[in-house]
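Novice: Sharing a structure below in structure tokens format, with a few things to ask.
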Amino acid sequence: MVIGVRQKMPKSKLKQRNFGIDLLKIVSMLLVVILHVMGKGGVLGAVEPGTYRYVVSWFVEIGAYCAVNCFALASGYTGFRSSRRPSNLLLLWLRVLFYSVGITVCFAVLSPDSVTPGQWRAAFLPTMFQQYWYFTAYFCLFFFMPLLNIAIDRLSRVELLATAVGIVFVLSVLPTVSGTDIFGAFEGYSAIWLMALTS
């Protein structure tokens, strides 16, 4: 090979990106920000019921509500058959720990009375105290990924379709009809729901 000339690699060796999936993830993250602004930011609580602003605010909230589900579906699609390294989970956990402790330290400095011992405990053990529900759910999901990937790989199309219909019926239809969270999906804020979406 001549120095300075890039060897042409076969297409099978090139990493193919699905820009549609990347775009879906980006849009999903923006919608998550909108959900937090509308809910935690107090927009929904500040608008007067029956007004034009109330209708528009709830329209935006409902439109953005699918954000986490779309992100999980996209992650499941790209994560299938991908390498699952414990070091990746450790690095992600360290990032979460950095922000969790860092934000708590900022609050402790700016408003010392606002941080309780329980909040310090949750800051240093974010998974155990469900400080961030998505990370806690993903942490659990990580250990089930090999099993889920094997199941998806070995099931026939008919079996996969039957499983998907069953999951929707058990985790969505039945709780909606009964009005109770029968199987502990916590309205979509749980590891079991994340497993259903990423499978």
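Novice: Computing the accessible area with a 1.4 Å probe over protein heavy atoms, can you report the carbon and sulfur percentage for the chain?
Specialist: Percent of accessible area from carbon and sulfur atoms in the chain: 69.
Novice: Rounded to the nearest 10 degrees, what's the angle between the helix 86-110 long axis and the longest principal axis of the chain, both from Cα atoms, 0 to 90?
Specialist: With both axes taken from Cα atoms, the answer is about 20 degrees.
Novice: In addition: Per the Kirkwood formula on distinct C-alpha pairs, the Rh of segment 48-121 is how many angstrom?
Specialist: For segment 48-121, the Kirkwood estimate is 16.6 Å.
Novice: Only Lys, Arg, Asp and Glu count, each charged at its Cβ (+1, +1, -1, -1), so figure out the dipole size of segment 71-164 about its Cα centre, rounded to 20 debye.
Specialist: Rounded to the nearest 20 debye, it is 300 debye.
Novice: Largest first, what is the accessible-area ranking of 195, 128 with a 1.4 Å probe?
Specialist: Order by accessible area, largest first: 128, 195.
Novice: Something else about it: Apply 1/(1 + (r/R0)^6) to the Cβ-Cβ distance of residue 119 and residue 30, taking R0 = 30 Å, and write down the FRET efficiency to the nearest 0.05.
Specialist: Efficiency at R0 = 30 Å is approximately 0.55.
Novice: Pull out the extension gain between residue 77 and residue 51, defined as 0.36 nm times the separation in residues minus the alpha carbon to alpha carbon distance; nm, one decimal.
Specialist: 5.3 nm
Novice: Let me ask something else about it. Grab the beta carbon distance between residue 159 and residue 109, set R0 = 41 Å, and tell me the FRET efficiency rounded to 0.05.
Specialist: So, using R0 = 41 Å, E works out to roughly 0.15.
Novice: Quick one, can you get me the convex hull of the C-alpha atoms of the chain expressed as volume per residue in Å³?
Specialist: 226
Novice: With axes computed from alpha carbons, what is the tilt in degrees of helix 157-168 against the longest principal axis of the chain, rounded to the nearest 10 within 0 to 90?
Specialist: Tilt relative to the chain: about 10 degrees.
Novice: Using a Förster distance of 22 Å, how high is the FRET efficiency between residue 37 and residue 95, based on the Cβ-Cβ distance and rounded to 0.05?
Specialist: 0.45
Novice: Which value, in Å² rounded to 10, gives the accessible area of residue 113 with a 1.4 Å probe and all protein chains present?
Specialist: Rounded to the nearest 10, the figure is 150 Å².
Novice: Where the only charges are on Cβ atoms (+1 Lys, Arg; -1 Asp, Glu), what is the dipole of the chain about its Cα centre, to the nearest 20 debye?
Specialist: It works out to roughly 1280 debye.
The values are calculated or read from the model by the stated rules, or taken from the named source; none is laboratory data. Keep in mind that what you see is a predicted model, and the values were worked out from it rather than measured. For neighbour counting, all protein chains shown are included, and Cβ atoms are generated from backbone atoms with ideal geometry for every residue, glycine included. What goes into the accessible areas is simple: the full protein's heavy atoms, side chains included, and nothing from ligands, DNA or RNA. Shrake-Rupley method; radii C 1.70, N 1.55, O 1.52, S 1.80 Å.
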